[in-house]
C-alpha cells in the first residue's frame with residue numbers, strides 16, 4: 001500500500017484542470033484529529049478510465065464529512081470505495097490505502113461482507129426489503145448473529161427504530177410491509193436497518209434527494225443526532241444541506257479532491273478558485 005502523503009498547500013488552476021491535467025495536491029488539511037477512516041492517495045479506475053486521482057482524506061470519529069461537487073466529479077465513486085461497494089462493478093479497481101481503525105480494507109484476506117456491516121451505506125433512493133418493518137431491521141442482526149434470542153432481537157429492533165426517529169410512527173404496525181411507508185419513513189427505515197448492525201461509519205449517498213422538504217429536515221436532524229455515536233460521510237448536491245449537517249466539507253472536481261476544511265470556512269472563505277466558483281454558482 002502507498003505511504004501517507006504530506007499535507008498539500010496548493011492545487012492547479014482551473015484552466016489546467018479543464019485541460020485534463022490532474023493535480024494530487026489538495027488545499028487544506030485532509031487529516032482528522034481522531035480518525036476512524038484514513039484514506040491516502042486513492043485512485044479508482046473503471047477499466048482504462050481513471051475516475052479518482054490520488055485522493056487523501058480522513059473521516060474522524062463523531063463527525064459528519066460532506067462531499068460536494070458537480071455531477072460526475074467522483075464524489076459518489078470515492079464514497080463507494082470506502083466500503084468496497086465498487087467491488088460489485090466489473091472492471092473497477094481501487095489502489096492506494098484505505099484503513100478502518102488501522103486495518104487495510106482492500107487486503108485480499110478481508111471479507112467485504114462484515115466490512116459492510118462496519119461501514120454501512122444509505123443510498124439515494126430508499127430501498128427497504130420486501131419484508132415487514134420489523135424484518136427489515138432484524139435482518140442484519142440475525143445474519144450476523146448479533147443477538148441470542150427473540151427478546152434481544154426485539155430490543156435491538158426497537159432501539160434502532162428509536163435512533164432513526166421512526167419508532168413512534170411504526171410501533172403499532174411492525175408486521176406491515178416496509179414498502180408501504182412514505183418516502184421519508186422508508187429512508188429512516190433504511191437508516192435503522194444500517195445502524196442495527198452497530199456500524200462504526202455510515203456512508204450516505206444523497207440520502208435526501210428523493211425526499212420532500214419536511215422529510216429532508218427530519219433526516220438532517222437525525223444525521224446530527226447520529227454523529228454522537230457514528231462517523232458519517234455524506235455525498236450531497238445541496239450546498240445548503242452540507243452547511244447544515246457537516247463539520248468538514250470536501251470539494252471534488254474532475255476526480256480530484258480540490259479543497260477540504262471546516263464547513264463554515266469552505267463556504268465563507270474558500271481558498272481555491274474552483275471551490276469559490278462552485279459555491280458561488282458560477283458552474284456546477
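The values are calculated or read from the model by the stated rules, or taken from the named source; none is laboratory data. These figures come from a predicted structure and were not determined experimentally. Note that we place each Cβ from the backbone using ideal geometry, even for glycine, and neighbour counts take in every protein chain shown.
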Contacts under 6 angstrom Cβ, first residue in the stretch 127-141 being closer than 11 Å to residue 153 by Cβ, partner surrounded by fewer than 19 Cβ atoms within 10 Å (Cβ to Cβ), 6 or more apart: 138/153; 141/147
What is the number of the single condition among (1) assigned to a helix (DSSP H, G or I); (2) modelled with pLDDT under 95; (3) surrounded by fewer than 18 Cβ atoms within 10 Å (Cβ to Cβ) that residue 117 does not meet? (3)
What is the number of the single condition among (1) outside any loop (DSSP other than H, G, I, E, B); (2) surrounded by fewer than 19 Cβ atoms within 10 Å (Cβ to Cβ) that residue 137 does not meet? (2)
For the stretch 259-280, what are the residues that are surrounded by fewer than 18 Cβ atoms within 10 Å (Cβ to Cβ), more than 14 Å from residue 239 (Cα to Cα) and touching a residue at least 40 places away in the same chain (Cβ under 8 Å)? 271, 273
Check residue 32 against each of (1) within 17 Å of residue 253 (Cβ to Cβ); (2) in contact with a strand residue (DSSP E or B) (Cβ under 6 Å, 6 or more places away or on another chain); (3) modelled with pLDDT of 50 or more; (4) not in a strand (DSSP E or B) and name the one condition it does not meet. (1)
Keeping to the stretch 170-196, report how many residues are crowded, with 17+ Cβ neighbours inside 10 Å and free of Cβ contacts under 8 Å to residues at least 40 places away in the same chain. 4
Based on what the data block shows, is residue 185 modelled with pLDDT of 95 or more and either in a strand (DSSP E or B) or farther than 22 Å from residue 80 by Cβ (or both)? yes
Give me the residue from the stretch 47-79 that is on the phi > 0 side of the Ramachandran plot and in a loop (DSSP other than H, G, I, E, B) and, out of that set, surrounded by the fewest Cβ atoms within 10 Å (Cβ to Cβ). 47
